[in-house]
Amino acid sequence: MNITKICVLGLGYTGLPTASTFATHGLRVVGVDNNPVIVETLLKGGLHIYEPGLRTLVQAAIGSGNLVISDHLEPADAFVIEVPTPFYPDKRADMRAVTSATEAIVPYLRHGNLVVLESTSPPLTTVNLLAPILEGSGLRAGEDFHLAYSPERVMPGQILREIIENDRVIGGVDPASAEAGRDLFSIFVRGEIFLTDATTAEMVKLMENTYRDVNIALANEFARLAERFGIDIWEAIPIANRHPRVNILRPGAGVGGHCISVDPWFLVEAAPDLSPLISTARRVNDGQPQHVVELVGRAAGSSTERDELTGRRIAILGLAYKENVDDLRESPAIEVAQLLAGSGALVTAYEPNRIDAQLHGIDTTPSLESALANAEIIVLLVGHAELKNLNPGEISKITPARVLVDCVNGWNRPAWEQAGFRLYRLGDGSWRDSGIHGS
Ligand code: SAJ
């Protein structure tokens, strides 16, 4: 398939890098978003998301004249849908953005066009949701136009490299659609491209992220067991992982982001009778923030014999959904902060990558010093490099706190104890009279 011009619908964390990468590889690209703030920001040369290198890439794409930012579609050879697929409070997939993006394509769809859905979606979305909408044009999917599904699998923070280097799966409603998808993505993809059918490709994406969520839940459950049995999980996991076929992931404050914490629910919703493990793992991970709050309660109780948090002044370090990103979406750290505040604690939170963060019910502060100035307890929730590298001696001079709770194994206990702190660690029941043996 000869492709010279495409429309990319959705200019978010993956849409904007994808549109820009196609543009810098010679395609004419119309980057479309229905959010006027995003369109206006980009048209002014600004950027609404943080990703290393993205500003330079977008400037090159627009500067070359290949990428045009717009709020409406144009006729093109191919249309790539990269809009969000969140879930409703009851965990049902919210496909409204995909539906409206697909509907927007219909007036522009021409014979021989290619439509690719990239957004992570429940199985059968391409054939059962997109095809009927697009066939409202009078054209038939597979016969008159190509229709395919091809998920991104980039890691935030590594997007610009991974979008090119990662292997890619492309599933077509028929073989010719998958081939047309390969014609499009082989323009910049250097990884291996695997062709299959649309539903298999949808399932592959969900399997990848569900696999990760279940294994993070296993790590979190191991951490709870370690607290109960009086061992240090951070010692045990690396030793277990020396086994040639074991790769236990890291316990933490919970699972956030708009992918791992969301995608497994698509499978549970599609087949609740066939996914007890997947739904249980989601509940384990969603229960991790409460486990952290109980750990903080035990650590707090140790200093005044009270095992409650009312009135205790707690500094939260890190609010992003994971280390070294600025994204707060679905962040378990925010849930921990809100649960602590809900327990009566006086919470001050500092997120180095979003010093402007404003959260309901949480006192956020733009500096580490102000977060620590009156704290009794310091809780490390996100393993940002800046937070892991704090100097215990310097910190001891700027805070009255002498109780630390480390949820990401980010701090060296001897160094912090030397500076006069008691350090409690998620998953570590080994510490002498740590008092954190689970209930
Ligand atoms: N987390 C842990 N323990 C771990 C790993 C992660 O608690 O051992 C937590 C993180 O702190 C975070 C959450 O899980 O809150 C998700 O983090 P993540 O590192 O799994 O990555 P995401 O969500 O940024 O990206 C994932 C990646 N998928 C896989 O690794 C299978 C990425 O490749 C996907 O492209 C992305 O989801 C997506 O967009 O689907």
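The values are calculated or read from the model by the stated rules, or taken from the named source; none is laboratory data. This one's a predicted model, so the numbers in the text were calculated from it and none came from an experiment. Note that each Cβ is placed from the backbone with ideal geometry, even for glycine, and that neighbours are counted across all protein chains shown. Heads up: the accessible areas ignore ligands, DNA and RNA and are worked out on the full protein's heavy atoms, side chains in. Shrake-Rupley method; radii C 1.70, N 1.55, O 1.52, S 1.80 Å.
Set against the 2.2 N^0.38 Å expectation for a compact globular protein, the stretch 193-288 has a Cα radius of gyration ratio of 1.22. Note on K5 and T200: their simple-model spin labels are 3.5 nm apart, each label 7 Å out from Cα toward Cβ. Solvent-accessible area assigned to carbon and sulfur over the chain amounts to 53 percent, based on a 1.4 Å probe.
Where only DSSP H runs of four or more residues are counted, the chain gives -11500 deg cm²/dmol as its mean residue ellipticity at 222 nm, each run worth -39500 (n - 2.57). Subtracting the Cα-Cα distance of E192 and E308 from 0.36 nm times their residue separation leaves 36.3 nm of extension gain. When the Cα gyration tensor is reduced to axis lengths a ≥ b ≥ c, the ratio a/c is 1.5 or higher for the chain, and with a/b above b/c it is classed as prolate. Annotation: extensible slack from T56 through E208 equals 51.7 nm (criterion: 0.36 nm per residue apart, minus Cα-Cα distance). What FRET efficiency do you get for N391 and D356 if R0 is 30 Å and r is their Cβ-Cβ distance, rounded to the nearest 0.05? So the FRET efficiency works out to roughly 0.70. Computed extension gain for V106 through Q418, at 0.36 nm per residue and net of the alpha carbon distance, reaches 105.7 nm. For K205, give me every one of the lysines with a C-alpha distance below 24 angstrom, ignoring sequence neighbours fewer than eight places off in its own chain. Once the sequence-local lysines are set aside, what remains near K205 is K91, K322. Taking amide H atoms as placed 1.01 Å from N in the peptide plane, the amide H of R422 lies under 5 Å from those of V403, L404, each 5 or more residues away in sequence or on another chain.
Think of a 1.4 Å ball rolled over the protein heavy atoms: the stretch 5-197 then has 40 Å² of accessible area per residue. With an a/c value of 1.5 or above and a/b not larger than b/c for the gyration tensor axes a ≥ b ≥ c computed over the alpha-carbon atoms, the stretch 1-115 is described as oblate. Note on the chain: GNM, Cα springs under 10 Å; of D286, D33, D90, the largest mean-square fluctuation is that of D90. Solvent exposure of the stretch 286-434, expressed per residue, is 40 Å² of accessible area, with all protein chains present and a 1.4 angstrom probe. Amide H contacts for H146 (H built 1.01 Å from N in the peptide plane; partners 5 or more residues away or on another chain; cut-off under 5 Å): G112, N113, L114, V115.
Taking amide H as placed 1.01 Å from N in the peptide plane, K91 has no amide H partner under 5 Å among residues 5 or more places away or on another chain. Summing charges over neighbours of V403, with a neighbour being any other residue whose Cβ is under 10 Å away from its Cβ, gives +2 when K and R count +1 and D and E count -1. Seen through its C-alpha gyration tensor, with square-root eigenvalues sorted a ≥ b ≥ c, the stretch 286-434 comes out rounded because a/c lies under 1.5.
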